[in-house]
1. Among the residues of region 31-48, are any surrounded by 14 or more Cβ atoms within 10 Å (Cβ to Cβ), out of contact with any helix residue (DSSP H, G or I) (no Cβ under 6 Å at 6 or more places or on another chain) and either among the polar types (S, T, N, Q) or farther than 28 Å from PHE100 by Cβ (or both)?
2. For residues in region 49-67 being surrounded by 17 or more Cβ atoms within 10 Å (Cβ to Cβ) and of a type in the set (Val, Ile, Thr), which is farthest from the chain's Cα centre (by Cα)?
3. What's the number of the condition THR48 fails, among (1) more than 26 Å from LYS107 (Cβ to Cβ); (2) part of a helix (DSSP H, G or I); (3) at pLDDT below 90; (4) among the hydroxyl-bearing types (Ser, Thr, Tyr)?
4. In region 73-86, which residue that is more than 11 Å from ALA34 (Cβ to Cβ) and either without any contact (Cβ under 8 Å) to a residue 24 or more places away in the chain or among the hydrophobic types (A, V, I, L, M, F, W, C) (or both) is surrounded by the most Cβ atoms within 10 Å (Cβ to Cβ)?
5. Only one of these is in contact with a helix residue (DSSP H, G or I) (Cβ under 9 Å, 6 or more places away or on another chain) and exposed (fewer than 12 other Cβ atoms within 10 Å of the Cβ): LEU70, LEU26. Name it.
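The values are calculated or read from the model by the stated rules, or taken from the named source; none is laboratory data. Owing to the predicted nature of the structure, the values given are computational and were not obtained by experimental measurement. Positions of Cβ are generated from backbone atoms using ideal geometry, with glycine treated the same way; all protein chains shown enter the neighbour counts.
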Amino acid sequence: MGFFEGIKGAVRRIKGKLIVSAILVLVIIIWAIAPFSVALKDAMLQGTPKEPCNWTVLLTEIGTGIVTPLTQFKKCIIESTYNAMFFDIIKYFILFYSLFVFVGIAKAFPKHEYQDIENGSSDWCEGGEQYRVLHRNKGIVLAEKNYLPVDKRGNVNVLVVRRIWCW
């Protein structure tokens, strides 16, 4: 399995989570980043040389901005006073958020080359063929409707192969 096939499989495995995270990014941008950037820009405009950011204005504007996030978002997009601050904050937020997305993809990356390959099932025959060897109702349980009969002549040895987990 190549590197790009592994990435493709990992993205396929967490596709739903990626869609939810993209929607969450849009909600955070509209509901939190737009009001914060407008409040920060207003606080910097009303600041003094001694105190460049007016904290009273910042906290008041954040409070009113969270109540009306679409108005603040429109203000960030349309008015040139807030554009630079808004897009700078978005740039750093997307960079920070993408680190979490890459960690999620790395954790979903296949652990070995046989991860998505079926490695055994009871679907190896059709039309009741297995009941020439196996029994439908009684014996040693092998699968959901497959039992190894104990009254059968010949070899009835069973090899159970499974992974042992140690914690």
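1. Within region 31-48 (the criterion being surrounded by 14 or more Cβ atoms within 10 Å (Cβ to Cβ), out of contact with any helix residue (DSSP H, G or I) (no Cβ under 6 Å at 6 or more places or on another chain) and either among the polar types (S, T, N, Q) or farther than 28 Å from PHE100 by Cβ (or both)), the answer is yes, since at least one residue qualifies.
2. VAL57
3. Only one criterion in (1) more than 26 Å from LYS107 (Cβ to Cβ); (2) part of a helix (DSSP H, G or I); (3) at pLDDT below 90; (4) among the hydroxyl-bearing types (Ser, Thr, Tyr) is unmet by THR48, namely (2).
4. Only one residue tops the list, namely ASN83.
5. Of LEU70, LEU26, the one residue that is in contact with a helix residue (DSSP H, G or I) (Cβ under 9 Å, 6 or more places away or on another chain) and exposed (fewer than 12 other Cβ atoms within 10 Å of the Cβ) is LEU70.
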